1. Could you please give the count of residues in segment 125-174 that are assigned to a helix (DSSP H, G or I), farther than 18 Å from I205 by Cα and of a type in the set (A, V, I, L, M, F, W, C)?
2. I need the full set of residues from segment 19-51 which are part of a helix (DSSP H, G or I), surrounded by fewer than 15 Cβ atoms within 10 Å (Cβ to Cβ) and more than 28 Å from the chain's Cα centre (by Cα), in order please.
3. Tell me, which residue of segment 63-73 that is free of Cβ contacts under 8 Å to residues at least 40 places away in the same chain and under 15 Å from L36 (Cα atoms) is surrounded by the fewest Cβ atoms within 10 Å (Cβ to Cβ)?
4. For segment 232-241, indicate whether the set of residues that are hydroxyl-bearing (S, T, Y), in a helix (DSSP H, G or I) and surrounded by 16 or more Cβ atoms within 10 Å (Cβ to Cβ) is non-empty.
5. Taking the stated definitions as given, is F150 crowded, with 16+ Cβ neighbours inside 10 Å and within 18 Å of A216 (Cα to Cα)?
6. Looking for something of a type in the set (F, W, Y) and within 18 Å of the chain's Cα centre (by Cα) - is there at least one such residue anywhere in segment 175-186?
7. Being buried (at least 16 other Cβ atoms within 10 Å of the Cβ) and within 20 Å of the chain's Cα centre (by Cα) is the filter here; which residues of segment 114-141 pass it?
Amino acid sequence: MNRPTRGADKIISAISSKLASESLKGGDRLPSEAKLCEQFGVSRTVVREAIQQLKAIGVVHTITGSGSYITDGDLLGLKSSLEFYSIMTGDTDSWIELLELRALLETACARKLASENFSKAGLMELKTALKRQAENQTDIKLYAELDVKFHQVLIQASGNKIIGAVLSSLENLQKKFSQDTYIDENSKELIQRNLQEHLSIVQAIEKRDPDLAEQAMKSHLEKAKKYLLQYIKRISSVADLG
């Protein structure tokens, strides 16, 4: 049962080493399945497993009838790997870690959008995202998605592509957290709080005050983490009673 995985790991390690040494680069074609089988002394099943793993993390892509190629050096690999993690995970520790990551990255984005990357177009998109939230307060699932969307719009408007790639790739995990916490007896209160905090962020950006924008985002995410910890404690207590 474990042989295909060990063999696949050997192929993946060899390709990784070639990428690190730049003997393989973006756009290069990998050897055929037959040649990889011969080179590593493994079956076609093992080679295909290795290729599938490399595709899953965005290192290679396959063109039908042509073969497998090293992906060009962009953010695709990073996004693919994080998207897979975001889909597969969902434990409460991951939620907390995500909020801690967002607190580091999104405060920087809010600051940047309020200063050197300020634009009227970006501000308008952010206001539109907030307006859509306000108009959909009774649809919990949609509101949760629009909550995530608001932050994505802000990050995109800030102009930081790497932060955008990282956090958009974790969208599934963000939505899980958002939807689970809004489906709560205190959902109306949470939504009102969320709207007010988002409004404070927008107003700080509109004033072009980077310190205020950074603080508004930091406060918003700190409160989100505080509520998350309370929520985890409540669901743990219910589980214990069950």
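1. Qualifying residue count for the region: 12.
2. A34, K35, E38, Q39, R44, T45 - these are the residues of segment 19-51 that are part of a helix (DSSP H, G or I), surrounded by fewer than 15 Cβ atoms within 10 Å (Cβ to Cβ) and more than 28 Å from the chain's Cα centre (by Cα).
3. G67
4. No, that holds for no residue.
5. yes
6. Yes.
7. Residues satisfying the conditions are L126, A129.
Bear in mind that the values in this text are calculations on the coordinates, not laboratory data. What you see is a predicted model; the values in this text were computed from it and never measured. Cβ: placed from backbone, ideal geometry, glycine included. Neighbour counts: every protein chain shown.
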